[in-house]
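These notes concern the structure reproduced below.
The values are calculated or read from the model by the stated rules, or taken from the named source; none is laboratory data. This structure is a prediction, so every number in the text was calculated from the model and none was measured. We place every Cβ from the backbone using ideal geometry, glycine too, and count neighbours over all the protein chains shown. The area values use the complete protein model at the heavy-atom level, side chains included, leaving out ligands, DNA and RNA. Shrake-Rupley method; radii C 1.70, N 1.55, O 1.52, S 1.80 Å.
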Amino acid sequence: MALSVSIFASLAPYLVSALLLLFLIEQLSYLVKKRNLPGPLFVPPIIGNAVSLVRDPTSFWYKQSDTAGTSRGLSANYLIGKFIIYIRDTELSHQIFSNVRLDAFHPLGHPFGKQLFGDHSLIYLFGEDHKTVRRHLAPNFTPKALATYSDLQQLVMLRHLRQWEESFSGGSKPVSMRDLIRELNLETSQTVFVGPYLDKEARNTFRTDYNLFNVGSMALPINLPGFAFSKARQAVMNLEETLASCAGKSKTRMAKGEEPTCLIDFWMHAIVTEIESGNPPPVHSEDEAIGGLLFDFLFAAQDASTSSLLWAVAFLESDQEVLSKVREEVVKIWSPESGKLITADQLAEMKYTRAVAREVVRYRPPATMVPHIAINDFPLTESYTIPKGTIVFPSVFDSSFQGFTEPNRFDPDRFSEARQEDQVFKRNYLAFGWGAHQCVGQRYALNHLVLFIAMFSSLFDFKRLRSDGCDDIIYCPTISPKDGCTVFLTKRVATYPNLSP
């Protein structure tokens with residue numbers, strides 16, 4: 001023992017010197033990469049400013065945006081051994097989105113997404129593989145498929161809205177909408193994506209695993225047993241395994257010639273048809289690969305929709321004129337007392353309600369940034385080249401407040417046929433991405449938001465319980481109101497809708 005202590009004591013100065021040298025090299029490397037970009041002059045060793053990010057992500061990203069606003073739309077920082085660049089300027093963001101390829105930029109989905117999402121994510125496919133998979137996803141979003149999903153979405157919504165009415169209506173006590181909407185969206189995703197292939201036990205396990213994923217996605221990326229990030233990675237593996245099993249069951253059912261009833265059925269029907277035509281199985285059509293791709297859909301639909309639905313409630317409550325216009329439009333097209341669901345044609349008629357949905361997504365894009373990694377040095381401007389290995393964060397949020405008429409005003413009329421700002425300022429409307437990796441499910445997502453706005457505003461009166469900072473943005477992991485959108489609910493219809501399609 002004494003010998004060990006003696007050896008350690010003799011080596012300690014050298015170990016300390018080596019660590020100090022490594023820290024110095026790390027700082028110099030950061031400063032060389034940073035060059036003249038605004039950002040901290042000193043960063044904590046190894047972890048960088050990750051603690052600040054995890055402790056208060058809203059303040060961290062606001063500071064990055066403000067710093068980028070002082071110089072060319074760029075700012076620098078350092079997180080867990082990674083040099084990062086925040087991009088505030090829309091045109092610079094387009095340079096990233098337009099150069100997603102093997103030798104330039106790769107999307108990450110999360111700063112440490114490769115560890116978290118695994119190998120079968122659509123995010124990490126390129127070239128012909130990516131094109132082939134997207135081609136086979138096309139049958140999932142045809143008018144017929146979207147109409148099928150619309151019925152499923154409404155049935156789940158109405159079931160949850162009835163539960164809210166029974167539990168919270170009457171206006172006697174306020175309720176935070178975040179957990180309610182989150183549960184609604186999770187059941188909607190399960191039902192629309194894999195419908196009949198999940199039993200009650202599987203759905204409960206699914207919910208537990210997804211909650212672990214959510215928590216871990218916001219934690220420090222320590223992939224060791226017992227840490228939230230490690231639990232999240234295991235939860236993703238469990239979810240992908242469950243979804244892979246659903247894919248196998250759907251293939252069997254589609255091979256028997258049965259009609260598709262959910263998203264996985266439309267997808268597997270196309271794959272089974274191609275194989276039965278004598279063609280080889282498409283790339284990434286194995287059950288395991290399908291499970292990974294389906295998890296991408298789940299991640300995008302679940303958290304993004306929860307964010308949008310929460311902000312929709314918040315903005316409708318704060319702007320009674322917009323709420324009145326929505327109700328006036330909906331009542332002319334669909335009545336809650338009709339005993340029928342909203343049809344695809346009726347949904348298409350709700351143009352103002354759709355404009356409200358689009359404005360919600362512009363004003364509060366659920367995923368405020370889309371991280372990419374630089375595979376090689378990339379000349380972004382005449383005076384700055386992004387170093388290889390840098391994680392870049394093009395800000396969808398900042399782009400949403402550039403170009404548009406009075407961008408800081410919530411104004412659904414900007415998407416009217418008369419103004420068409422979605423076309424005039426198309427390059428600034430990046431909530432669904434841009435280029436080859438643009439969101440394949442954006443029509444589904446907008447339909448979901450329109451249906452919810454139409455039904456919720458028709459069935460309920462709602463009054464916000466306001467508090468200081470209630471509309472401040474928090475990350476969980478997509479953005480939502482700080483108070484979880486706490487409201488008083490009161491039923492506003494005499495007869496509740498019949499739940500039959």
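Some observations on this one:
- Filter result for residue 468 (of a type in the set (Asp, Glu), in a helix (DSSP H, G or I) and either free of Cβ contacts under 8 Å to residues at least 24 places away in the same chain or more than 25 Å from residue 75 (Cβ to Cβ) (or both)): no
- Whether a residue is open to solvent by less than 10 Å² (accessible area, probe 1.4 Å) and touching a Lys or Arg at 6+ places or on another chain (Cβ under 7 Å) was assessed, and residue 350 does not pass this test.
- Answer residue from region 395-435, given it is among the small types (Gly, Ala, Ser) and in contact with a Ser or Thr (Cβ under 6 Å, 6 or more places away or on another chain) and is modelled with the highest pLDDT among those: 399
- Near pairs, Cβ below 7 angstrom, 6+ apart or cross-chain, from region 439-451 (open to solvent by 20 Å² or more (accessible area, probe 1.4 Å)) to any residue that is not in a helix (DSSP H, G or I): 439/432; 439/433; 442/432
- Only one of 400, 395 that is free of Cβ contacts under 8 Å to residues at least 60 places away in the same chain, crowded, with 20+ Cβ neighbours inside 10 Å and over 20 Å from residue 320 (Cα atoms): 400
- Scanning region 297-323 for residues that are at pLDDT below 95, farther than 16 Å from residue 474 by Cβ and open to solvent by less than 20 Å² (accessible area, probe 1.4 Å) yields a count of 4.
- Residues of region 245-275 classified as open to solvent by 60 Å² or more (accessible area, probe 1.4 Å), charged (D, E, K, R) and within 17 Å of residue 289 (Cβ to Cβ), total: 1
- Residues within region 210-227 that are under 16 Å from residue 50 (Cβ atoms), open to solvent by less than 70 Å² (accessible area, probe 1.4 Å) and touching a residue at least 40 places away in the same chain (Cβ under 8 Å), tallied: 6
- Checking region 146-163 against the condition returns no match, with no residue being touching a helix residue (DSSP H, G or I) at 6+ places or on another chain (Cβ under 7 Å), closer than 23 Å to residue 284 by Cα, surrounded by fewer than 19 Cβ atoms within 10 Å (Cβ to Cβ) and of a type outside the set (Val, Ile, Thr).
- Number of the exception - residue 278 against (1) open to solvent by 60 Å² or more (accessible area, probe 1.4 Å); (2) within 28 Å of the chain's Cα centre (by Cα); (3) on the phi > 0 side of the Ramachandran plot: (2)
- Scanning region 78-93 turns up one or more residues that are outside any helix (DSSP H, G or I), at pLDDT below 95 and aliphatic (A, V, I, L, M).
- Residue in region 98-119 that is open to solvent by 60 Å² or more (accessible area, probe 1.4 Å), within 22 Å of residue 214 (Cα to Cα) and among the basic types (Lys, Arg) present: yes
Every residue, every condition in (1) farther than 19 Å from residue 50 by Cα; (2) open to solvent by 20 Å² or more (accessible area, probe 1.4 Å); (3) at pLDDT 85 or above; (4) assigned to a helix (DSSP H, G or I), yes or no:
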residue	(1), (2), (3), (4)
208	yes, yes, yes, yes
229	no, no, yes, yes
235	yes, no, yes, yes
243	yes, no, yes, yes
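- Pairs, first under 9 Å from residue 403 (Cα atoms) and free of Cβ contacts under 8 Å to residues at least 40 places away in the same chain in region 418-431, second open to solvent by less than 30 Å² (accessible area, probe 1.4 Å) and of a type outside the set (Ser, Thr, Tyr), C-beta under 8 Å, six or more apart: 425/404
- For region 411-429, taking the residues that are in a loop (DSSP other than H, G, I, E, B) and open to solvent by 30 Å² or more (accessible area, probe 1.4 Å), the one that is nearest to residue 318 (Cα to Cα) is identified as 416.
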